[in-house]
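Here is the structure we will look at.
The values are calculated or read from the model by the stated rules, or taken from the named source; none is laboratory data. Keep in mind the model is a prediction, meaning the values are calculated, not measured. Here the Cβ positions follow ideal geometry from the backbone for every residue, glycine too, while neighbour counts run over all protein chains shown.
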Amino acid sequence: MKWGVVRFPGSLDDGDALWALRDALGQEAASLWHKDETLGGAECVVLPGGFSYGDYLRCGAIARFSPIMKSVARFAADGGLVLGICNGFQILCEAHLLPGALTRNRSLAFVCDFVNLRVENAATPFTRAARPGELLRLPIKHGEGRYVAPEDELRQLEERGQILLRYVDESGAATDAANPNGAMRSIAGVANERFNVFGLMPHPEHAVEAALGGVAGRKIFESIAGAAR
Amino acid sequence: MSQAPAALPGEPRVDLAAARSHGLTAAEFAAIERLMGRTPTFTELGVFSVMWSEHCSYKSSRKHLQTLPREGPNVIGGPGENAGAIDVGDGWVAVFKIESHNHPSYVEPYQGAATGVGGILRDIFTMGARPIASMDSLKFGAIDHPRTRYLVNGVVGGIGGYGNCVGVPTVAGELMFDPGYNGNILVNAFALGLARREDLQSARARGVGNPVLYVGSATGRDGIHGASLLASAEFDAGSEAKRPTVQVGDPFTEKLLIEACLEAIKTGAIAAIQDMGAAGLTSSSSEMAGRGGLGVELDLDRVPLREANLSPYEILLSESQERMLIVAEHGREAELAAVFERWDLHAVVIGRITGDGRWRARFKGQVVADIPVAAISDDAPLYDRPAAPPAPLRDSSSPRLTTAISRPDPAAALRALLASPNVASRRWVFRQYDSLVLSNTVAGPGGDAAVLRIKGSRRGLALKVDSNPRACAIDPYLGAVATVCEAARNVACAGARPAAITNCLNYGNPERPEIMWQFVRGVAGLRAAARAFATPVISGNVSFYNETEGRAIPPTPTIAIVGTFADVSLNVKHYFSFPGDAIVLVRTAAPSLAASEYADLFGAADDALTPIDLGRERRLLDGLVECAQRRLIRSAHDVSEGGIAVALAEACFNPAAPAGAEIVPDAIDASVAAWFGEGASSVILSLPAENLKAIHEIFAPLEVRSIGRVTAAPRLKIGRQIDEEVAALMRLYEDALPGRLGRHD
């Protein structure tokens with residue numbers, strides 16, 4: 001499968017995403033430059049982690065106006081698969097390709113740690129390689145990852161199964177102590193209504209090798225690769 | 001002699017008083033007039049004051065630094081470049097350096113620490129290496145000092161704010177609280193980069209007529225006299241007013257600069273490159289010209305400015321961040337500019353290399369500075385300052401208690417030590433740093449040394465930064481030796497062979513003989529240990545004037561060591577994983593309570609520091625590397641603050657699930673010094689029992705004691721006196737800093 005990883009100025013984990021896809025997962029992946037409008041024939045577009053444009057205004061607020069984002073929006077509207085990781089999730093929310101918003105962590109501090117995620121909906125292109133309720137151990141590293149949305153929106157997300165990942169403890173319970181940023185309803189990742197756009201705060205690209213962070217992140221990429229086939 | 005440039009309208013008059021207010025002495029001012037053959041202009045005076053500052057010229061330390069071993073079979077490039085480099089195999093070169101940002105971080109903790117990270121990263125990528133890891137050594141005052149919490153939050157926030165946004169993982173570090181730093185904290189920032197050997201760059205200008213390119217951020221008024229007035233003077237009541245001399249960091253621009261510079265280097269159109277650090281445009285241009293034995297001419301009207309009306313003095317001395325100076329190959333400047341423009345960065349030709357050996361700056365068509373390059377780059381004064389031990393030997397910054405106040409039982413002492421701010425888990429700090437970006441981190445913060453893989457190769461690196469100011473306060477020589485031993489041991493515990501050293505030597509005012517004595521003894525200790533371990537000192541930095549109102553910090557040589565793995569998959573963890581494994585203590589000498597955390601908490605008898613036999617230390621390091629290479633051990637953990645008892649507890653803190661340990665009665669002498677003493681180089685190993693014989697052979701003639709075994713039941717039992725639940729110890733260990741510095745959940 002062909003992947004495209006967008007590189008905005010200030011993207012940081014774009015190289016990691018390319019490494020994970022190409023070297024760990026044997027996929028075909030190319031870097032896409034933010035000033036270009038072409039997606040190079042990618043079947044899945046990845047918006048990587050980082051601090052696009054320094055995130056001095058609001059995370060993702062400027063990146064959404066990049067030339068390439070016009071193409072990404074069109075691609076998504078046509079049903080193309082889009083994965084936003086961390087800053088990429090923030091950009092997708094700013095671009096209204098995903099509902100809700102990501103605000104400063106409850107602690108007001110940046111947090112880098114491994115967390116447990118529960119797969120809430122395994123019937124999507126992004127999670128189909130996992131079992132429903134399966135726990136994935138992935139790293140997070142962000143200062144603004146607290147997912148928020150209006151109450152009625154949250155209810156709809158629940159009803160439609162758009163919440164794909166939740167922060168949970170080791171036993172799989174979505175406790176307050178296991179919520180690393182104060183996200184509403186412990187939400188770690190959401191999809192759009194059509195389930196072709198997915199954003200998550202954890203970094204699956206940093207969990208694809210046993211010697212570095214484990215292999216739980218492979219589930220996300222393998223789901224997408226399988227979905228496209 | 002040159003014709004004196006005319007004074008600019010409104011410029012202050014240049015005389016001895018003006019020179020003094022610039023931090024220059026009467027003798028130095030006289031030397032400047034002699035070298036110039038005339039009185040300098042105000043702009044020239046400013047240039048001399050920064051270039052001749054302690055911070056830029058190393059005038060008090062150079063004589064001693066020259067005695068450090070710098071050569072080795074793996075060392076690449078000569079001294080004088082921006083950072084040192086070593087060959088790490090398969091065509092890869094590791095470039096690394098540590099540098100202080102102490103004074104800025106005390107005056108403005110967030111920006112001071114942030115720009116410390118930014119500055120050291122530029123020293124790495126200016127060499128053509130991609131920065132792949134950072135570490136920080138932090139020293140704060142007592143944890144209950146009213147200013148400490150503010151400073152810790154600011155410094156940690158600044159390091160994270162910059163490092164996280166620039167995309168370089170912070171993989172290890174150290175943190176200490178001691179009243180000796182109440183008035184002068186230490187922030188020492190380390191960075192390491194990787195380059196292909198053929199891509200290494202030089203900061204030596206070449207090619208008369210070659211254009212000089214300014215790239216990166218525009219120049220503003222920030223940081224003027226950061227090097228001369230802030231870094232090269234002690235603090236006093238007026239230091240708050242120096243806040244404007246602290247620069248402001250922009251990690252986003254630095255990230256663009258890293259990518260653009262590495263891309264530009266690939267074009268082959270760069271003749272020389274240097275970052276604009278301390279003393280900005282002045283130092284970068286004059287140092288590059290000086291190294292090449294050439295001259296340089298700058299047109300200040302072309303320098304991109306943040307605001308109109310900067311004077312030539314301000315343009316030349318600004319320490320605005322995220323700027324680089326490039327000498328381009330003639331005719332290829334447009335090719336380079338195109339790379340920077342792609343990254344939306346300024347790239348402007350502001351001058352050219354000349355053959356006349358002069359450093360000349362023009363402003364509005366008029367020459368405003370015209371100085372022999374050598375006068376500012378090479379002819380800075382060189383001092384052989386008097387050094388004398390203080391009388392009595394121990395000053396007030398030595399360990400405060402020499403008699404025991406109360407001796408808790410061993411279990412209570414262990415619990416107290418694990419919760420002590422100098423022993424407790426540093427998770428509160430490193431959780432605020434991205435330690436994963438770039439996908440090289442095999443072992444991140446929290447262990448003995450960080451371990452990085454080198455992609456596309458089996459090779460890897462281990463790195464650690466250490467210091468031991470308490471031992472240095474008692475004996476600055478032995479303390480420095482102990483510091484090198486500890487850093488090397490941490491790297492060797494991870495299984496890597498210690499390869500080279502970078503150092504940051506933090507001391508008080510060198511004009512005082514007792515401080516100079518501490519420094520000279522510290523350098524001697526570093527020299528002896530570096531020689532014994534065949535770990536050359538490839539880069540470093542000296543930070544003097546770390547004092548407030550006449551009170552100096554404890555002597556603090558900070559040592560970072562980088563080690564190499566031929567096969568990084570052989571790296572060794574620091575914690576127990578396999579129940580039934582034998583636990584073995586290997587040590588070079590018997591420990592002592594001198595300069596120990598136990599003594600700090602509970603007082604101690606007036607112990608002497610443990611003497612160090614460098615031959616035995618080397619045996620320990622070599623043995624650890626051999627154990628890793630032969631896969632004989634399952635874990636290795638260095639014994640440091642808190643002694644053997646704390647090291648055993650830490651080895652039980654397996655992050656996946658707590659392990660247990662049972663130490664047989666009398667395996668360790670039932671004395672406070674044996675359980676909680678420090679100073680002796682000791683490691684705790686775990687290994688399958690069948691490897692015991694091999695371990696004894698490898699480490700002979702060192703003391704090797706089989707002291708117990710790893711248990712599945714997560715309890716720590718040491719003889720008859722300690723029997724604690726590991727989870728409970730872990731809670732004490734993990735909760736201590738959040739409890740003192742503020743919770744983040």
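Taking the stretch A:1-86 as the region of interest, the strands (runs of 3 or more DSSP E) fully inside it that hold 1 or more residues being under 26 Å from A:Gly213 (Cα atoms) and of a type in the set (D, E, K, R) are A:2-7, A:28-33. Here B:Ala424 meets each of (1) farther than 29 Å from A:Phe110 by Cβ; (2) touching a residue at least 24 places away in the same chain (Cβ under 8 Å); (3) out of contact with any Lys or Arg (no Cβ under 8 Å at 6 or more places or on another chain) with one exception, condition (1).
Does B:Ala651 satisfy the condition of being under 18 Å from B:Ser577 (Cα atoms), among the small types (Gly, Ala, Ser) and away from chain A (no Cβ under 14 Å)? Yes.
The residues of the stretch B:245-274 that are of a type in the set (Lys, Arg) and either closer than 20 Å to B:Glu108 by Cα or within 14 Å of chain A (Cβ to nearest Cβ) (or both) amount to a single one, B:Lys255.
In the stretch B:96-187, counting only helices (runs of 4 or more DSSP H) that sit wholly within it, the ones holding 3 or more residues that are more than 30 Å from A:Pro48 (Cα to Cα) span B:102-107, B:148-166. None of B:Ala656, B:Ala670 is in a loop (DSSP other than H, G, I, E, B), in contact with a Lys or Arg (Cβ under 9 Å, 6 or more places away or on another chain) and either crowded, with 19+ Cβ neighbours inside 10 Å or at pLDDT below 95 (or both) except B:Ala670.
Within the stretch A:180-201, the set of residues being free of Cβ contacts under 8 Å to residues at least 40 places away in the same chain and of a type in the set (S, T, N, Q) comprises just one member, A:Ser186. Here the condition is being at positive phi and not charged (D, E, K, R); of B:Gly157, B:Gly183, B:Gly167, it holds for B:Gly167 alone.
Scanning the stretch B:563-585 for residues that are closer than 17 Å to B:Arg631 by Cβ and in a strand (DSSP E or B) turns up B:Phe565, B:Lys573, B:Ala582, B:Val584.
Within the stretch B:93-107, not a single residue is at pLDDT 95 or above, surrounded by fewer than 24 Cβ atoms within 10 Å (Cβ to Cβ) and farther than 19 Å from B:Gly540 by Cβ.
Scan the stretch B:139-153 for residues that are out of contact with any Ser or Thr (no Cβ under 8 Å at 6 or more places or on another chain) and either over 14 Å from B:Val187 (Cα atoms) or free of Cβ contacts under 8 Å to residues at least 60 places away in the same chain (or both) and report the count. Final tally of qualifying residues: 8. Suppose we filter the stretch B:425-465 for residues that are buried (at least 24 other Cβ atoms within 10 Å of the Cβ) and closer than 22 Å to B:Asp144 by Cβ; how many remain? Qualifying residue count, the stretch B:425-465: 1. Of all residues in the stretch B:202-219, those satisfying the criterion of being in contact with a Lys or Arg (Cβ under 8 Å, 6 or more places away or on another chain) and of a type in the set (A, V, I, L, M) are B:Ala203, B:Ala205, B:Val212, B:Val215, B:Ala218. Residues in the stretch A:144-153 that are surrounded by fewer than 23 Cβ atoms within 10 Å (Cβ to Cβ), touching a strand residue (DSSP E or B) at 6+ places or on another chain (Cβ under 8 Å) and not acidic (Asp, Glu) were compared, and the one that is farthest from the other protein chains (Cβ to nearest Cβ) is A:Ala149.
Screening the stretch B:133-161 for residues that are surrounded by 24 or more Cβ atoms within 10 Å (Cβ to Cβ) and within 11 Å of chain A (Cβ to nearest Cβ) and picking the one that is nearest to B:Asp434 (Cα to Cα) gives B:Gly160. Within the set A:Ile68, A:Ile62, the sole residue that is among the β-branched types (Val, Ile, Thr) and within 14 Å of chain B (Cβ to nearest Cβ) turns out to be A:Ile62. For the stretch A:196-215, filtering for residues that are over 18 Å from A:Trp3 (Cβ atoms) and under 14 Å from the mean Cα position of the chain (by Cα) leaves 2.
Counting only helices (runs of 4 or more DSSP H) that sit wholly inside the stretch B:407-485, those with at least 1 residues that are under 30 Å from A:Pro48 (Cβ atoms) and at the interface with chain A (Cβ under 9 Å from one of its Cβ atoms) are B:427-430.
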